[in-house]
1. If one takes the longest principal axis of the Cα atoms in the chain, at what angle in degrees, from 0 to 90 and to the nearest 10, does the Cα axis of helix 52-75 lie?
2. Quick one: helix 81-94 against the long Cα principal axis of the chain, what's the angle to the nearest 10°, folded into 0 to 90?
3. Given a 1.4 Å probe and every protein chain left where it sits, what share in percent of the accessible area of the chain is carbon and sulfur?
4. Could you give the dipole magnitude of the chain about its Cα centre, charging the beta-carbon of Lys and Arg +1 and that of Asp and Glu -1, in debye to the nearest 20?
5. If you find the alpha carbon centre of segment 179-227 and of segment 11-73, how far apart are they in angstrom?
6. As a test of the formula, what do you get for the chain when each DSSP H run with n ≥ 4 contributes -39,500 (n - 2.57) and the sum is divided by the residue count, at 222 nm and rounded to the nearest 500 deg cm²/dmol?
7. Residues of the chain: accessible area per residue at 1.4 Å, in Å²?
8. List the chymotrypsin sites (Phe, Trp or Tyr not before Pro) within segment 108-161 that DSSP assigns to loop and that have no more than 11 neighbouring Cβ atoms inside 10 Å.
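The values are calculated or read from the model by the stated rules, or taken from the named source; none is laboratory data. In this text, all values refer to a predicted model and were calculated from it rather than measured experimentally. Every residue, glycine as well, gets a Cβ built from its backbone with ideal geometry; the counts of neighbours run over all protein chains shown. The protein model used for the area step is the full one, side chains on, heavy atoms only, and it has no ligands, DNA or RNA in it. Shrake-Rupley method; radii C 1.70, N 1.55, O 1.52, S 1.80 Å.
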Amino acid sequence: MVIDMKELLEVMDKLLSPEGCPWDREQTHESLTRYMIEETYETIDAIKENDMDKLREELGDLLLQVVFHSKLAENKSFFTFDDVVKTVTEKMISRHPHVFSNMNLSTSDDVMQNWEEFKKKEGKKTTLEGIPNTLPALMRAEKMQTKASRVGFDWPDVNGAVEKVIEEAKELSQANNEDEIIEETGDLLFAVVNIARMKNVDPEKALQRCNDKFLRRFNYIEQKIKANGNSLTDATLQDMDFLWDEAKTNGL
């Protein structure tokens, strides 16, 4: 059986019709936002797990979100799914003149250096324009720093970024009121992202890797304590520290 985009679009039309699904008909662009986010992260999980069957399914769920939003817009005469496809196709062609025209860009660095120029030709007015406010904070910080770096606003080397982290950590330790603590915490995190970026490390990925490590080791602590017939609330900090080091020694 051959299935194409036309059939998926027809399914969405049916769901949004008066005879369709009551839940689907109640949705708006705003109400669907959470599902777009959820499907994106589920797709990322499938990639991290290297599960191709799961990835196929999650990509379909993500595509459904694009179709859903497109159909909602079409029903109010804003744009259609075909308009979405046409826009992204034209964008990819215009931003890859080294592929579809005669510009010579031989390396990835060359492409990234010219990327902002491509965007400016499309109407972008400022260097940091277009970075979503709703990105995870570490990712947003890294993107802003990277774009600023491309126009020369950067440390000469990583040593300056390291010194900035030390400076911000000291200022955080000396902060007294809530506003100062919040501001200095943000400054410290932003400075750490700078080091990660200059070391070619994805800060979001690095923190998630640390989160996973913490989860493994803390689960080990809890399992060991429960195996002895106790609960976490019964254990002392010294007990948990000992088991943490044991988990670390065991390679967790």
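1. 50
2. 70
3. 55
4. Using only the charged Cβ atoms, the result is roughly 700 debye.
5. 31
6. So the calculated ellipticity at 222 nm is -23000 deg cm²/dmol.
7. I get 71 Å² per residue for this part.
8. Counting only loop positions with at most 11 other Cβ atoms within 10 Å, the chymotrypsin sites (Phe, Trp or Tyr not before Pro) in segment 108-161 are Phe153.
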